[in-house]
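K.L.:
Sharing a structure, written as structure tokens. Questions coming.
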Amino acid sequence: WDRGAFWRLVLGQNPRVPIPTRRFVDAWVDALREKGPEALVEDEGVRDLIRRRERFLKGPRARLRSREHLELWGGASGTGRLAWVSASGPPGSAISITVISAIALLPFVEIGSCSGLMPARKGRNRAPARQAETPARPGERPPMTDLPALKPLPGYLVERYRAWHTLRFSENRAWYARLAAEGQHPRTMMISCCDSRVNVVEMFGAEPGDLFVVRNVANLVPPYNPDHQHHGTSAAVEYAVNALKVAHIVVVGHSSCGGVGACHDMCAGLAPELDEKSSFIGRWMDILRPGYERVAERVADPAERKAALEREAVLVSLRNLATFPFVARALDDGVLTLHGAFVDIGTGTLMVHGPNGFATA
């Protein structure tokens with residue numbers, strides 16, 4: 001093992017690793033080499049290193065999870081580093097260390113790793129031989145050959161998942177187990193746009209199990225039309241009302257909506273390609289065409305007309321919700337309420353529709 005090679009690997013990708021961190025890992029590796037992993041997790045000297053590391057980071061969490069793993073967490077200020085040691089096996093076995101940079105602890109960005117810091121016994125840590133694919137046996141399902149070429153998940157998504165699993169799931173494991181065992185019982189259904197800038201779960205501080213969320217282009221609900229075609233949003237509304245028994249349905253619109261802009265341009269004759277029967281966007285935005293006609297009668301300026309149409313999209317969806325027989329029944333029975341909301345992306349202002357139109361919440 002070459003300490004210089006290890007630090008060139010880490011510092012070559014992130015030269016801003018604090019010197020105290022470097023000294024700490026150096027001392028830590030020395031302890032690993034001298035005493036082996038089994039002795040390390042119970043060694044008072046290592047615990048002292050952890051305590052000194054805590055004082056350096058001014059308030060991190062250090063946790064000795066088990067005899068097999070040692071986790072050192074950096075502080076939430078974002079200046080810390082997370083070092084992971086797989087310390088299973090007797091002295092002399094392979095040790096794997098990964099140094100990770102934490103930006104406010106989420107997401108983790110891996111900046112370097114080094115395995116085999118301690119000499120391994122001959123034959124250890126070799127990659128398993130690649131096995132040749134064998135044809136399916138009689139009665140077994142053959143490999144799917146009709147799928148397009150698939151790739152692994154992007155690395156940044158995997159890193160964010162691991163961070164979520166470590167920071168959120170692990171601390172709430174009992175709650176997730178309860179949700180899995182007892183099913184979901186959300187009080188509210190949210191219908192919002194699939195625009196990546198709108199996140200109603202974060203906006204309303206929801207936890208898993210709180211909201212039943214449907215996202216589509218321009219937060220639209222089509223009118224009731226049981227024509228035996230594919231109706232994803234209508235199916236979700238039926239499930240929310242009849243199966244989940246939600247008490248509220250909230251339609252959330254937003255500013256600068258691309259779907260509403262497409263509807264405006266299509267209805268104004270500025271996007272003839274959306275009038276083609278083959279346009280999925282155009283046929284979906286036909287839901288909002290009656291709303292455009294109402295807005296165009298009273299608003300002449302194109303920019304103002306688009307802004308008014310964004311709010312009109314919420315009202316169109318609320319009117320269409322009332323055409324579903326099971327929704328109308330629930331409304332008459334007093335077990336369901338409908339709500340309209342609109343959020344300005346740039347200012348974060350939330351407006352709610354009331355007797356006098358939209359007003360700031």
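K.L.:
Taking the conditions exactly as written (within 29 Å of the chain's Cα centre (by Cα), assigned to a loop (DSSP other than H, G, I, E, B) and crowded, with 16+ Cβ neighbours inside 10 Å), does residue 246 satisfy them or not?
P.N.:
It is true that residue 246 is within 29 Å of the chain's Cα centre (by Cα), assigned to a loop (DSSP other than H, G, I, E, B) and crowded, with 16+ Cβ neighbours inside 10 Å.
K.L.:
Quick test of your reading of the structure: residue 256 fulfils all but one of (1) modelled with pLDDT of 95 or more; (2) in a helix (DSSP H, G or I); (3) among the hydroxyl-bearing types (Ser, Thr, Tyr). Name the failing condition by number.
P.N.:
Among (1) modelled with pLDDT of 95 or more; (2) in a helix (DSSP H, G or I); (3) among the hydroxyl-bearing types (Ser, Thr, Tyr), residue 256 violates only (2).
K.L.:
Something else now. Go through region 298-307 and count every residue that is touching a residue at least 40 places away in the same chain (Cβ under 8 Å) and either surrounded by fewer than 16 Cβ atoms within 10 Å (Cβ to Cβ) or not small (Gly, Ala, Ser) (or both).
P.N.:
2
K.L.:
Looking only at region 210-231, filter to residues that are among the β-branched types (Val, Ile, Thr) and touching a Phe, Trp or Tyr at 6+ places or on another chain (Cβ under 9 Å); which one of those is surrounded by the fewest Cβ atoms within 10 Å (Cβ to Cβ)?
P.N.:
217
K.L.:
Return the residues of region 171-202 that are of a type in the set (Gly, Ala, Ser), in a loop (DSSP other than H, G, I, E, B) and under 30 Å from residue 260 (Cβ atoms); say none if nothing qualifies.
P.N.:
Passing the criteria: only 196.
K.L.:
Please tell me if residue 218 is part of a helix (DSSP H, G or I) and either free of Cβ contacts under 8 Å to residues at least 12 places away in the same chain or touching a Lys or Arg at 6+ places or on another chain (Cβ under 9 Å) (or both).
P.N.:
No.
K.L.:
Residue under question is residue 178, and the condition is that it be within 16 Å of the chain's Cα centre (by Cα), over 22 Å from residue 339 (Cα atoms) and of a type in the set (Lys, Arg); does it hold?
P.N.:
When the stated conditions are applied, residue 178 does not pass them.
K.L.:
Could you grab me the full set of residues in region 307-326 that are assigned to a loop (DSSP other than H, G, I, E, B) and of a type outside the set (A, V, I, L, M, F, W, C)?
P.N.:
Within region 307-326, 323 is the sole residue that qualifies.
K.L.:
Can we say residue 200 is within 24 Å of residue 361 (Cα to Cα) and touching a helix residue (DSSP H, G or I) at 6+ places or on another chain (Cβ under 8 Å)?
P.N.:
When the stated conditions are applied, residue 200 does not pass them.
K.L.:
For residues that are touching a residue at least 40 places away in the same chain (Cβ under 8 Å) and assigned to a loop (DSSP other than H, G, I, E, B), scanning just region 327-349, find the one that is nearest to residue 312 (Cα to Cα).
P.N.:
The selected residue is 344.
K.L.:
Checking the conditions here, which among 274, 336 is touching a strand residue (DSSP E or B) at 6+ places or on another chain (Cβ under 9 Å), aliphatic (A, V, I, L, M), more than 19 Å from residue 198 (Cβ to Cβ) and surrounded by 15 or more Cβ atoms within 10 Å (Cβ to Cβ)?
P.N.:
On inspection, the qualifying residue turns out to be 336.
K.L.:
A follow-up question, please. How about region 259-297: which of its residues are without any contact (Cβ under 8 Å) to a residue 12 or more places away in the chain and part of a loop (DSSP other than H, G, I, E, B)?
P.N.:
Residues satisfying the conditions are 269, 270, 271, 276, 277, 278, 279.
K.L.:
Just to verify a result, which residue in region 175-209, among those that are in contact with a Lys or Arg (Cβ under 9 Å, 6 or more places away or on another chain) and under 20 Å from residue 317 (Cβ atoms), is surrounded by the fewest Cβ atoms within 10 Å (Cβ to Cβ)?
P.N.:
Residue satisfying both the conditions and the ranking: 194.
The values are calculated or read from the model by the stated rules, or taken from the named source; none is laboratory data. Small disclaimer: the values here were computed from a predicted structure and weren't measured. No Cβ is skipped: glycine too gets one built from the backbone with ideal geometry, and neighbour counts run over all protein chains shown.
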